[in-house]
Amino acid sequence: MAGVKFDRDSLVAAFADLGRKAWELGTTIEIAVYGGSALMLAFDWRVSTRDVDAVFETADRGLVRRLVAEVAEERAWSADWLNDGVKGFLSARDNEGGVKRLMGEFPNTEQPGLRVFVPRPEYLFAMKCRAMRLGGVDGNRDIEDIKQLALAIDIKTADEAIELLLSFYPGNQMQPKVQFGLEEIFSTIFDGSPENDRIIRP
């Protein structure tokens, strides 16, 4: 995916292409989008992403891969522009009702060749916390996303964050650095410091 940077418009256009191809074949495929792409589709603060993490929820995954490859060729994108590398980060609750929501049908609701689902903010928050990459908490995209999501779902303390995280993932999957990182994040998130000026508050 090196060199490709998606904004919302380009990603939605690609979804429309993918949905149109499926509709012309007389089928409807479903995918769930996670990570930065889901944040970009659901919230205003993410304006671009460098990868599209998705899980193919349709039984015929071979068909999805073929259509994804066709879109890639037409747009001169890498064949893995839509990839399922996120599977290892999914919660055991991923298939529960209410954990994800329908983001849109493409190319439109009258021709729903593609349905795109995104996790609800609480699930996205838990996924971001579990995947946190810390070498210190400054300047890290995951940290900014965690702060924005915390504000969106009204999580104010590290204890509340950990409780939510544990509602999606077992405790033995939470590395100590995640707890330490959350404690550091929530010690500063509401302090009015200049580094938090860019946070979009409700």
### Summary
Percent antiparallel among DSSP beta bridges confined to the chain, rounded to 5, stands at 70 percent
### Message
Quick query: amide H of Asp84 versus all other amide H atoms, modeled in the peptide plane; which residues come in under 5 Å with a sequence gap of 5 or more or a different chain?
### Response
Ala54
### Task
Give the cross-link partners of Lys177 among the lysines, using a straight C-alpha distance below 26 Å as the criterion and excluding same-chain residues fewer than 8 apart.
Lys87, Lys128, Lys147, Lys156
### Message
So if each residue of separation counts as 0.36 nm, and I subtract the Cα-Cα distance between Val99 and Thr58, what length gain in nm does that give?
### Response
13.0 nm
#### Entry: Lys, Arg +1 and Asp, Glu -1 on Cβ, resulting dipole of the chain about Cα centre, debye, nearest 20
240 debye
### Antiparallel DSSP beta bridges within region 6-119, percent to nearest 5
70 percent
### Query
GNM, the chain, Cα, under 10 Å: largest mean-square fluctuation among Glu73, Glu122, Glu105?
Glu73
### Query
Build a GNM of the chain with springs between Cα atoms under 10 Å: which of Ala161, Ala22, Ala59 gets the top mean-square fluctuation?
Ala59
### Message
Just want the ordering: Lys21, Lys87, from fewest to most Cβ atoms lying within 10 Å of their own Cβ.
### Response
Lys87, Lys21
### Query
Given (1) 8, 33, 37, 17, 4, 1, 0; (2) 9, 41, 40, 10, 0; (3) 8, 34, 33, 18, 6, 0, which label gives P(r) over Cα pairs in 10 Å bins from 0, in percent as computed from the coordinates?
(3)
### Message
Can you sort Phe89, Phe15 from fewest to most other Cβ atoms within 10 Å of each residue's own Cβ?
### Response
Phe89, Phe15
#### Entry: Convex hull of region 6-119 built on C-alpha atoms - directionally averaged projected area, nm²
6.9 nm²
### Message
Based only on other Cβ atoms within 10 Å, what is the fewest-to-most ordering of Arg8, Arg46?
### Response
Arg8, Arg46
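Bear in mind that the values in this text are calculations on the coordinates, not laboratory data. Just so you know, these numbers come straight off a predicted model, no measurement behind them. Every residue, glycine among them, receives a Cβ derived from its backbone with ideal geometry; neighbour counts consider all protein chains shown.
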